[in-house]
Amino acid sequence: MAKQQADNITMASGGTYSLATRGAKDVIDRATPRVLKAIEGLGIPADRARFTMADMGCADGGTSLEMVSAVIEAVQRAAPGVQSTVVYADQPHNDFNALVQIAHGLGPFESWSRRFDNAWPLVSGSSFYLQAVPDTSLDFAFSATAMHWLSEKPCEIESHVHMVGASAEEHAVFSARAEADWLTILQHRLRELKPGGRAVFVNFCRDAAGHYLGNTGGVNMFDTLRDIWHEFVADGVINSEELARMTLPQYYRTVEEFAQPFDAGLLPGMRLESIETAQVVCPYAAQFQADADLETFASGLIGTIRSWNQSVFLGALDGSRSLDERHAIIEDYYEAYRVRVLDDPTGHGMDYVHAYMTVVKDS
Ligand SMILES: C[S@@+](CC[C@H](N)C(=O)[O-])C[C@H]1O[C@@H](n2cnc3c(N)ncnc32)[C@H](O)[C@@H]1O
């Protein structure tokens with residue numbers, strides 16, 4: 001089950017992830033002052049020889065390049081002779097070719113690894129549900145927009161594609177899985193961090209107003225994803241078993257759920273220093289407000305939406321269909337979403353809603 005999940009949650013490949021997800025970079029940019037405060041909190045002495053950080057669930061690494069660059073610059077300012085290692089980790093089916101290209105500055109972006117002599121990228125295929133580096137080896141851990149992916153799909157959500165539309169019973173099953181997963185994630189980071197080490201996690205959430213990704217007052221993105229699959233069933237394009245499998249193995253936690261293992265005393269030696277929620281506006285919707293270019297808006301928005309869910313939907317289609325047929329259904333599906341936006345763009349978009357948190361391991 002878990003293996004199959006890992007197979008199905010790859011982001012768009014070939015470096016297109018970072019090109020298609022400008023908003024994810026905006027989210028990391030918004031987190032960067034918090035990251036730099038955490039680095040300052042490490043109190044790195046001027047004679048420090050080594051610094052090690054990890055970016056967990058990094059995809060192709062493009063969206064965090066500037067944040068990592070700012071970290072290395074801050075660390076080198078504190079300790080001019082320091083040598084730094086950046087461990088880029090993602091699940092084994094990630095597009096590691098794109099990651100290596102981007103981290104080494106051979107992709108479409110400028111990389112920090114070309115800018116600094118004393119800093120090196122290393123790549124790991126370890127899930128954040130595992131310990132990824134030896135005990136007490138990390139000064140700093142970072143993860144953005146990744147830890148909503150559960151370790152497995154705990155049940156199907158019958159009448160929706162996401163837990164935000166689950167029944168009370170389904171929600172309870174997803175919530176129990178998410179609670180156990182969050183504790184596992186933190187327990188591994190507790191072992192990996194050095195005493196006094198820090199982590200910044202930027203995770204999708206449901207905020208106090210009940211808002212979440214793609215649901216901030218306009219058209220609900222997840223309801224649209226559900227509605228189009230329901231239409232495909234009604235039109236006989238897919239069958240109801242396939243529809244039932246269209247369940248994204250994700251969970252959007254609340255601030256209370258992020259705080260729960262700390263409040264419950266389940267993580268002795270680790271504390272949640274601060275947590276806040278914030279929205280980052282959909283860059284495609286913002287651009288459309290400015291230039292009224294509907295075609296570009298619809299294509300950009302659908303590109304960013306499909307970059308993180310098409311592999312799950314493709315995996316839910318029946319294996320008896322040819323791969324070509326499965327791909328054709330997927331293309332028709334996102335085209336149907338695009339046409340909806342073209343017909344009436346009002347309220348469409350994918351605003352990001354995240355919890356930004358800093359976690360500290362005791363010295
Ligand atoms: C939306 S991307 C975020 C990428 C990047 N951190 C960003 O903010 O732009 C989510 C990433 O999480 C990764 N991911 C999902 N489950 C994971 C796991 N268990 N361990 C490590 N990475 C995981 C996916 O492979 C994907 O690359």
*asked:* Please rank Cys205, Cys58, fewest neighbouring Cβ atoms within 10 Å first, as an exposure proxy.
replied: Cys205, Cys58
*the chain - Rg over Rh from alpha carbon coordinates, Kirkwood radius*: 0.97
*With label points built 7 Å along Cα→Cβ from the Cα atoms of Leu294 and Leu342, find their separation and express it in nm.*
1.0
*Gaussian network model of the chain, springs between alpha carbon atoms under 10 Å - residue of Gly236, Gly41, Gly197 with greatest fluctuation*: Gly236
*Net dipole in debye of the chain [+1 Lys, Arg Cβ; -1 Asp, Glu Cβ; about Cα centre; nearest 20]*: 1480
*Take the Cβ-Cβ distance between Asp324 and His104 as r, set R0 to 45 Å, and report the resulting FRET efficiency rounded to the nearest 0.05.*
0.80
*What's log10 of I(q)/I(0) for the range 277-363 at q = 0.12, 0.21, 0.24, 0.25 Å⁻¹, Debye sum over Cα points only, no solvent?*
-0.51, -0.99, -1.13, -1.18
*Beta bridge orientation in the chain: antiparallel %, DSSP, nearest 5*: 45
*Residue-wise, which Karplus ³J(HN,Hα) couplings in Hz belong to the range 87-93, taking 6.51 cos²θ - 1.76 cosθ + 1.60, θ = phi - 60°, and x for glycine or proline?*
8, 8, 10, 7, 5, x, 8
*Across bins of 5 angstrom width beginning at 0, how are the C-alpha pair distances of the range 316-362 distributed, in whole percent?*
5, 15, 13, 12, 11, 11, 11, 8, 6, 6, 2
*Please report the relative contact order for the chain, taking Cα pairs under 8 Å with a sequence separation of at least 6, and give it as a percent rounded to a whole number.*
22
_Listed residues Ala199, Ala168, Ala31, most fluctuating in the chain (Gaussian network, C-alpha, under 10 Å)_ = Ala168
_Modelled label reach - His230, point 7 Å along Cα→Cβ, the range 332-363 residues with backbone N closer than 18 Å_ = 333-334, 336-338, 340-341
*asked:* With θ taken as phi - 60° and the coefficients 6.51, -1.76 and 1.60, list the Karplus ³J(HN,Hα) couplings across the range 337-350 in order, rounded to whole Hz; mark glycine and proline as x.
replied: 5, 4, 5, 4, 5, 5, 5, 7, x, 4, x, 6, x, 9
*Describe numerically, in nm with one decimal, the distance between label points set 7 Å from Cα along Cα→Cβ at Asp223 and at Asp263.*
2.9
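Values quoted throughout were computed directly from the atomic coordinates according to the rules given, and no laboratory measurement underlies them. None of these values were measured; they are calculated from a predicted model. Note that each Cβ is placed from the backbone with ideal geometry, even for glycine, and that neighbours are counted across all protein chains shown.
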